[in-house]
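The values are calculated or read from the model by the stated rules, or taken from the named source; none is laboratory data. In this text, all values refer to a predicted model and were calculated from it rather than measured experimentally. Heads up, the Cβs are rebuilt from the backbone with ideal geometry, glycines too, and the neighbour counts pull from every protein chain shown. Side chains included, ligands, DNA and RNA excluded: accessible areas come from the protein's heavy atoms. Shrake-Rupley method; radii C 1.70, N 1.55, O 1.52, S 1.80 Å.
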Amino acid sequence: MRFTSIASGSSGNCTYVGSDNTHILIDAGVSKKRIEEGLGELGVSLSDLDAIFVTHEHVDHIAALHTILKKYDIPIYATGGTIQGIRSSDKKCEMTDSRFIQVMVDKAVAIGDMIVNPMTISHDANEPCGYRVYHGDKKIGVATDLGCYTDYTVECLSDCDALLLEANHDVRMLQTGPYPYQLKRRILGDRGHLSNEKSGELLCKLLNEKMKGIFLGHLSKENNLPELAYETVRVEIDMGENPFHSSDFPIMVARRSELSPVLEF
């Protein structure tokens, strides 16, 4: 099983999960060219994809969908609310494609030799979700755009071999930055984005002995820094009530516009 981020940040997101026989993307929020380049570095092409799973309808998660669907016959999986949101925001009515397949949270879907299970997240979109992907006894989790987490979140993401988890902003940078008040309020709200501190706090509840690596994703370009996200999460883990130290696991900040290191297990 291979797991990496092709791009991750407030401007666009795309995650790859694959086995020897099955290849999927979670989100396609950067250009088709950027996705092709990232897949090429993995020895995979768009024509090899078995599915694209979409977390929600915001443009930084769907930007390349229409261009991809024009050329490739790839099924697009998303919740009913996300599909409706994509079509509602499509002023040219170009995204009425029949290749959309509705998924339901906590209802697993088999794609080749992998199992994909959506999970509810809290974000200001129609019906957003994160995903858990299973291959044999391996499990990875992808959870970004969550304004808060609950016991349900912890249960869904427990026992993962690898994670891509949001660390969107530094609270102080956001509060003192140039964003208008209403946008700051939205980001800080329960349906906004997870801060560095909250990301580290959540990770403290998710660390386990089989964890092979952690990506910190969806960083804000204006309200965060990769070094700050990493250091804040590291401190939260080291000071948290858990038996692990941050040095026990590879913790990486997912790169904004290029392929991140590839985790293989």
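Values computed for the structure shown
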{"item": "Label of the coordinate-derived value, Cα extents along the principal axes in Å, listed as [x] 60, 41, 36; [y] 49, 44, 32; [z] 73, 58, 41", "result": "[y]"}
{"item": "Net length gained if the chain between Leu183 and Tyr152 were fully extended (0.36 nm per residue, minus Cα distance)", "result": "8.5 nm"}
{"item": "Accessible area of the stretch 1-119 belonging to carbon and sulfur atoms, whole % at 1.4 Å probe", "result": "47"}
{"item": "Cα gyration tensor shape for the stretch 128-194, rounded if a/c is under 1.5, else prolate or oblate", "result": "prolate"}
{"item": "Net lengthening on full extension, Glu197/Met239 (0.36 nm per residue, minus Cα-Cα)", "result": "14.0 nm"}
{"item": "Average accessible surface area per residue within the chain, 1.4 Å rolling probe, Å²", "result": "43"}
{"item": "Label-point separation, Ala108 to Lys221 (7 Å along Cα→Cβ), nm", "result": "3.9"}
{"item": "Neighbourhood charge, 12 Å Cβ-Cβ cut-off, centred on Ile24 and excluding it, Lys, Arg +1 and Asp, Glu -1", "result": "-3"}
{"item": "Solvent exposure ordering (accessible area, 1.4 Å, most first) of Asp145, Asp48", "result": "Asp48, Asp145"}
{"item": "Spin-label pair Val171/Asp20, simplified geometry with 7 Å Cα→Cβ offset, distance in nm", "result": "4.8"}
{"item": "For the stretch 10-107, convex hull of alpha carbons as volume per residue, Å³", "result": "102"}
{"item": "Distance violations [Cα-Cα > 22 Å] among Lys33/Lys138; Lys32/Lys70; Lys33/Lys139; Lys184/Lys221", "result": "Lys33/Lys138; Lys33/Lys139"}
